[in-house]
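Enquirer: Just passing along the structure, written as C-alpha cells.
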Amino acid sequence: DTAVSQTPKYLVTQMGNDKSIKCEQNLGHDTMYWYKQDSKKFLKIMFSYNNKELIINETVPNRFSPKSPDKAHLNLHINSLELGDSAVYFCASSQRTANEKLFFGSGTQLSVL
Amino acid sequence: AQSVTQPDIHITVSEGASLELRCNYSYGATPYLFWYVQSPGQGLQLLLKYFSGDTLVQGIKGFEAEFKRSQSSFNLRKPSVHWSDAAEYFCAVGAQGGGFKTIFGAGTRLFVKA
C-alpha cells in the first residue's frame, strides 16, 4: 500500500492552461506539504497544511492554490500555467511537524510547453 | 535565516570504497537534522535523523552521520559503497518560525563506478 500517493505522475500541458495535482496519504498524519523541485534538483517548500489549516505559505505566485478537503488529502491547483512552472512537484506528509520524518510521494513531473 | 549547504554537487566513488558527503547548516538553535536519499524518478526517503543525544547516528542501508556543533556540520558516511547507492542525497534541517518546515540543501549526486 502506497503511503503518500499523488496523481498524475506526468503532466504535459500548454501555457495558459489550468491543472490540478492530487495527493492522498493513508498514514494518519496531521501535516501535509507541497514541495517544488527544479531542474537542478533544488527542493523548496511551497505550502504546508496541518489538520486542513494552512500553516506555511512561502513566496509562491497566487496562481498556485492548495486545497485540503480533509487531513488525508492536499491538492494543488495551478492557474494560467507558465513555462517556469515546469518542475517536479512532491507531496509529503509528517506526523505533526517538519521536525519529524517526512514521507514523500513519488512526484508529478509537470512540463509546460 | 536557516540554511543548509552541501558543498559537493557530485561525487564519484568506486564500489567498495568509503563515502563521506558533507553538509553544513546555519541555524540559531539546536537543529533537527536529516539526510534523505532520492533515487531517479522517486520521492525522497529518510536515511537518518538527529534530534539530540548521541552525536553519531545510525541510519538505514549502512549509513551513519555525525553531528558536530562546533563545525555546524552533519556529514554522512558509509564505510563501503554499493552500486545501488548511486542516487541524489539531500541534507536538511527542520526549522521553526513561521510554521515548521524542512529546509533542504541543494543535494549531492553520488556516482558509483565499478
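Enquirer: Tabulate in residue order the Karplus-calculated ³J(HN,Hα) for segment B:74-91, using 6.51 cos²θ - 1.76 cosθ + 1.60 with θ = phi - 60°, rounded to whole Hz; enter x for Gly and Pro.
Expert: 8, 7, 9, 9, 8, x, 8, 7, 10, 4, 6, 7, 4, 5, 9, 10, 10, 8
Enquirer: For segment A:21-36 and segment B:1-67, what is the centre-to-centre distance using only Cα atoms, to the nearest Å?
Expert: Centre-to-centre distance over Cα atoms comes out at 23 Å.
Enquirer: Count, for each residue of A:41-47, the Cβ atoms from other chains sitting within 10 Å of its Cβ, then give me the mean as a whole number.
Expert: Numbers: counts 9, 5, 12, 3, 6, 0, 2.
For peptide A:41-47, the averaged partner shielding equals 5.
Enquirer: Kindly write out, for segment A:35-51 in residue order, the coupling ³J(HN,Hα) from the Karplus curve 6.51 cos²θ - 1.76 cosθ + 1.60 (θ = phi - 60°), rounded to whole Hz, with x marking Gly and Pro.
Expert: 10, 10, 10, 7, 5, 9, 6, 5, 10, 10, 6, 10, 9, 9, 10, 10, 6
Enquirer: Going by amide H atoms built from the backbone, whose H comes under 5 Å of the H on A:I55, apart from near neighbours?
Expert: Placed amide hydrogens put A:S48, A:Y49, A:N50 under 5 Å from A:I55.
Enquirer: Could you compute the net charge surrounding A:N17? Neighbours are other residues with a C-beta less than 12 Å from the C-beta of A:N17; K and R count +1, D and E count -1.
Expert: -1
Enquirer: Could you give the Stokes-Einstein D for chain B in µm² per second, using the C-alpha Kirkwood radius, 25 °C, 0.890 mPa s? All intermediate terms of the calculation are to be shown ahead of the outcome.
Expert: Working: Rh = 14.2 Å.
D = 173 µm²/s.
Enquirer: Using the count of nearby Cβ atoms within 10 Å as a rough guide to exposure, how do A:D85, A:D38 rank from fewest to most?
Expert: Sorted ascending by nearby Cβ count, the order is A:D38, A:D85.
Enquirer: Output wanted: per-residue J couplings in Hz (rounded whole) for segment B:100-114, from phi through Karplus 6.51 cos²θ - 1.76 cosθ + 1.60, θ = phi - 60°, x for Gly and Pro.
Expert: After applying 6.51 cos²θ - 1.76 cosθ + 1.60, I find 5, 8, 9, 9, 9, x, 6, x, 10, 8, 9, 9, 10, 9, 6 Hz.
Enquirer: Quick one: order A:T2, A:T13 by neighbouring beta-carbon count within 10 Å, fewest to most. The partial results should precede the final answer.
Expert: Details: A:T2 10, A:T13 16.
Going from sparsest to densest Cβ surroundings: A:T2, A:T13.
Enquirer: Considering every residue in A:79-92, what mean count of other chain Cβ atoms within 10 Å of its Cβ is obtained?
Expert: Working: counts 0, 0, 0, 0, 0, 0, 0, 0, 0, 2, 0, 3, 1, 3.
The shielding value for this peptide is 1.
Enquirer: Take each of the peptides B:35-44, A:57-66, average the number of other beta-carbon atoms within 10 Å over its residues, and list them starting from the highest.
Expert: In decreasing order of mean packing, B:35-44, A:57-66 become B:35-44, A:57-66.
Enquirer: Working out 0.36 nm times the residue gap between B:T5 and B:S70, then minus their Cα-Cα distance, what length gain in nm do you get to one decimal?
Expert: This chain segment gains 21.8 nm when fully extended.
Enquirer: Return the average number of partner chain Cβ atoms within 10 angstrom of each residue Cβ along peptide B:24-34.
Expert: Averaged over the peptide's residues, the number is 1.
Enquirer: Sum up the charges of everything whose Cβ sits under 13 Å from the Cβ of B:G105, counting Lys and Arg as +1 and Asp and Glu as -1, but leave B:G105 out.
Expert: Summing Lys and Arg as +1 and Asp and Glu as -1 gives +3.
Enquirer: Using the C-alpha gyration tensor of the protein assembly as shown, what are the square roots of 5 times its eigenvalues, in whole angstrom, with the largest one first?
Expert: 30, 21, 16
Enquirer: How large is log10 I(q)/I(0) at q = 0.21, 0.22 Å⁻¹ when the Debye formula is applied to the Cα atoms of chain A, each weighted equally and without solvent?
Expert: The Cα Debye sum returns log10 ratios of -1.13, -1.24.
Enquirer: Then there is this: Among the listed pairs A:K19/A:K101; A:K52/B:K68; A:K52/B:K101, which are separated by more than 27 Å between their Cα atoms?
Expert: Listed pairs above 27 Å: A:K19/A:K101; A:K52/B:K68.
None of the figures in this text is laboratory data; all of them are computed from the coordinates on show. Just so it is clear, the structure is predicted and the values come from calculations on it, not from any experiment. Positions of Cβ are backbone-derived with ideal geometry, glycine not excepted, and every protein chain shown enters the neighbour counts.
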